[in-house]
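Have a look at the structure below before the remarks.
The values are calculated or read from the model by the stated rules, or taken from the named source; none is laboratory data. Here the structure is a predicted model, which means the values were calculated and not measured. Neighbour counts run over all protein chains shown; Cβ positions are idealised from the backbone, glycine included.
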Amino acid sequence: MKHLPLPVFSLFVIALPLILSNNYYLMALNIAALNVVIVIGLNLLMGYAGQISLGHAAFFGLGAYLSAILTTTCGFPVWPTIPAAMAITAVVAYLIGIPTLKLEGHYLVMATLGFNVIVYIVMIQLSAVTGGPSGFAGIPRLQIGGFAFDSDLKIYYLFWAVAILVLILSLNLIHSRAGRAMAALSHNEIAARCTGIDTETYKVKIFVISAALASLAGSLYAHYISFISPGSFSIFFSLQAVTMVLVGGMGSVWGSLFGAILLSLLPEVLHSVKEYNVLVYGFILMAVLMFFPRGLFPAGRSFCIAMIRKKT
Amino acid sequence: MISPADPHMDTAVLEAKNITVRFEGLEALSRLSFAISPRRIVSIIGPNGAGKTTLLNAITGVYPIHAGEILFQGKSISGLKPFQIAALGITRSFQQAQLFMNMTVLENVMVGMHSRTTSGFFKGMLRLPSERKEERIISAQSRDILDEFGLISKAADMAGHISILDQRRLEIARAMAARPKILLLDEPAAGLTIREMEAMADLILGLREKGQTIILVEHNMRLVMAISDHLIVLHHGVKIGEGRPEDIQKNRQVIEAYLGKKV
Amino acid sequence: MPQLVKLFQFTLSGLTTGSTYALIAIGFSIIHNATGIVNFAQGEFVMLGGMFMITFYGYLKLPMAAAFVLSVFAVAIIGLLLEKTALRPSRSQEVLNLVMITVGASIFIKGLSMAVWGKSAMTLAPFSGEDPILILGAAIMPQSIWIFGITLAVVAALSAFFVKTRTGKAMRAVAASRRSAMLAGIPVNRMIALSFFLSGALGAVAGIILTPVTTISYDAGIMLGLKGFSAAILGGYGSMIGAVAGGLLLGVLESLGAGLVSSEYKDVLAFLILLIVLFFKPGGIFGKGASRRV
């Protein structure tokens, strides 16, 4: 029973393109897969280290721009560049995390928000390197040997394989020694410290890992769309990622999957709302926090369990 | 002072030398010195605000010490962080059980083994064979501990769903999972019924029987007098007496501190 | 000599924007003191202040004083609404949860403003002309004098309010200890509501006096809020003198940076200052050291 959801979900992911005829939906699902990677990483930080980052769009953007610049401008091969971008992003996150994670919650919120603003402005102003506000074009697409990921369908299977891999690794992590230590420190930091857990180091490590995952998504995004511009990496995307975590439920890995998919597809479904994207996001974020502070996914699950129990 | 030259001084496992802890200028502990001998139950007593819990927090590194030092097995632990002190072998319970309510009873004990185990993020994510082996071992050992503490039937329950007595037991089990050299207990009997208190006393005595050194902070004098080998009496952050329970009961200064008479 | 005049000029314009940062920072502090949360919608109050003033004064042609009072009151009511309809009814009163609700509210207000006032930047005529006054060779705009004057008046009035009046003292008591204040019979909830009302008003004043200098658009709130927050951190979070000092300092540093180094990276500079202060002196320059939970 315990291991059932994963194969069921994987089969569903594999089968889904067979039903979908429209390429447009595939593209939306591909972006959703990348959001899943970011949101699961962010949830490890929020749900397990009790820290909120409003700068994940910057890490996402660092991955995308580093990949773009290193491959297109410097001529590096694509695949090694992706882990290299993750490593650089991780170092940046480490430097920010060390001083701020020692402070209370909202300091990290502000520091990461400030960091996001800095990165965003640099993306726009440093146009000689980044292409400025008009963006960076001509980023090479992904390929292995002679096999090019040149259609949305091929990308779909690649991205969802990555997303499911991240899901599996995260599920493994939360049921390991490190995962228990994280859960302990998020629930009761003093008790965790007195139990022998180096909470400060753990927080920094989770922050770094979660930033590296955002960078991975950024690299994949750049090589998929082959064109990036600063607009995708503003603090509004950071807020979207946080909203996805909160809607899915902090501390629930499956919830993050749910939250990321739901909110990635929502704008596609509600086309008429697109103009009021910002308004709708703000409203959802407020409403969920007010009425379902533990997230929609856990609330929905408890509701379903209660309904089933009632019937039997 | 009753015993200026403690016979166990040279073999003390924990020694405080003139420690002072201040809060915004007020001294919560001032120039406090004592030595804890191994395999005994040493109780810290004193009226409210005497600095008992502050002392536990100072020993475990939760509060910084402003002057003096604490020696553990002859080495200074002042300035170490709580997790380092826990890893060296001093673990504790809290006044109100501070369990990890988002975990099961079993997982709480497994967290207690944190400093005895090594698997990190990557081993955990990849479930490497060495990680799985370590998980199997600590899971089995944790079950043994739960068995010992009479909690094995509740292993899969969430920590928040068990009774107060069981929560207290679980917290001690979690502290014992680290195989500490010294176990600190902060009011383990608070809020318990008389029957439950007796069960708690048996549990503590059982640990001592196995050679565990225990520092106990407790309000209930009957419990303290019944199970302690040695008492340290604090009043306004100062040690006003020390000795065997029967001697302390006769100590004038101690009685006055409790009854609030002027000397 | 011209170099010196230039420095003086930059400092003056820095003090002008810095004054508005100070007002925003005080707004952050008042809410923080009453509730312990960071109100991310503070910047939106500033934006709304500018927008309402443009609407009442620029479009509806109300007399300036009336438009000013009306705008301040309108935003103060929005502040109050934020507390009454979003924060108070929240099922979880955990600090981080409440902070994120204000983040949601900030996006919501931003989206709503876009729907009402559109996407383009709006301008407001300076209160009394655009003929610069020369002081020691540096030009100062009449609007700057308005900004200094109004900021000074607001800070003086607030100080008097907190020191002299019963309500002000009650608010300080709530800040010192919510529990003790409640036990002393102070209506804590009303004080919290009042703190949002006041912060809304402060933000509006900042927005109204700043708009003629900078223009305003629906998405300007986040940046202004961040500046105000940086100022509050810089001066020491929660203290009014700290907020004023931090605001002025940030404004001057930013203006000098823009003038002497690079105007494109003006905002980067502001956040670098914030990050550096967070790293080395988390309690703020005038603060008492790091605020840590034990």
| From A:Ala222, A:Ala184, which residue is part of a helix (DSSP H, G or I), modelled with pLDDT of 95 or more and of a type in the set (Gly, Ala, Ser)? | A:Ala222
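Kindly indicate which of A:Gly218, A:Gly231 is more than 21 Å from A:Ala183 (Cα to Cα), away from every other protein chain (no Cβ under 14 Å) and of a type outside the set (Asp, Glu). Break it down into steps so the answer makes sense when it comes.
On the way: A:Gly231 fails: away from every other protein chain (no Cβ under 14 Å).
After applying the criteria, what remains is A:Gly218.
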| query | Condition test on A:Phe136, is it more than 11 Å from every other protein chain (Cβ to nearest Cβ), surrounded by 17 or more Cβ atoms within 10 Å (Cβ to Cβ) and over 30 Å from B:Leu184 (Cβ atoms)? | reply | yes
| Just a yes or no: is a residue in segment B:110-120 in the same structural domain as B:Ile248 (by TED's automatic domain parsing) and within 15 Å of A:Ala191 (Cβ to Cβ)? | no
| message | Suppose we keep only residues that are part of a loop (DSSP other than H, G, I, E, B) and in contact with a helix residue (DSSP H, G or I) (Cβ under 7 Å, 6 or more places away or on another chain) within segment A:142-176. Which one would you say is surrounded by the fewest Cβ atoms within 10 Å (Cβ to Cβ)? | response | A:Phe149
| query | Does B:Gly191 satisfy the condition of being out of contact with any Gly (no Cβ under 6 Å at 6 or more places or on another chain), more than 25 Å from B:Thr53 (Cα to Cα) and either not polar (S, T, N, Q) or not in a helix (DSSP H, G or I) (or both)? | reply | no
| query | Inside segment C:106-125, can you point out the residues that are more than 7 Å from chain A (Cβ to nearest Cβ), assigned to a helix (DSSP H, G or I) and of a type in the set (Val, Ile, Thr)? | reply | C:Ile109, C:Val116
| Subset of segment B:107-125 (residues that are surrounded by 22 or more Cβ atoms within 10 Å (Cβ to Cβ) and more than 7 Å from chain A (Cβ to nearest Cβ)) | B:Asn108, B:Val109, B:Met113
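Matching residues to (1) at pLDDT below 95; (2) surrounded by fewer than 23 Cβ atoms within 10 Å (Cβ to Cβ); (3) touching a helix residue (DSSP H, G or I) at 6+ places or on another chain (Cβ under 9 Å); (4) within 14 Å of chain A (Cβ to nearest Cβ):
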residue: C:Phe40; (1), (2), (3), (4): yes, no, yes, yes
residue: C:Val69; (1), (2), (3), (4): no, yes, no, no
residue: C:Val95; (1), (2), (3), (4): yes, yes, yes, yes
residue: C:Gly104; (1), (2), (3), (4): yes, no, yes, yes
| note | The condition from (1) modelled with pLDDT of 85 or more; (2) over 18 Å from A:Ile40 (Cα atoms); (3) surrounded by 16 or more Cβ atoms within 10 Å (Cβ to Cβ) that A:Gly295 misses is numbered (2)
| Residues of segment C:79-98 being closer than 18 Å to C:Leu194 by Cα and in a helix (DSSP H, G or I), which ones? | C:Gly79, C:Leu80, C:Leu81, C:Leu82, C:Glu83, C:Lys84, C:Thr85, C:Ala86, C:Leu87, C:Leu98
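The rows are residues; the columns are (1) under 26 Å from B:Met200 (Cβ atoms); (2) outside any strand (DSSP E or B); (3) under 18 Å from the mean Cα position of the chain (by Cα).
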{"position": "B:Ser30", "(1), (2), (3)": "no, no, no"}
{"position": "B:Pro38", "(1), (2), (3)": "yes, yes, yes"}
{"position": "B:Ser43", "(1), (2), (3)": "yes, no, yes"}
{"position": "B:Glu69", "(1), (2), (3)": "no, no, no"}
{"position": "B:Leu80", "(1), (2), (3)": "no, yes, yes"}
{"position": "B:Gln96", "(1), (2), (3)": "yes, yes, yes"}
| request: Mind telling me which of the residues A:Tyr107, A:Tyr65, A:Tyr25 ends up being of a type outside the set (S, T, N, Q) and within 12 Å of another protein chain (Cβ to nearest Cβ)? | output: A:Tyr107
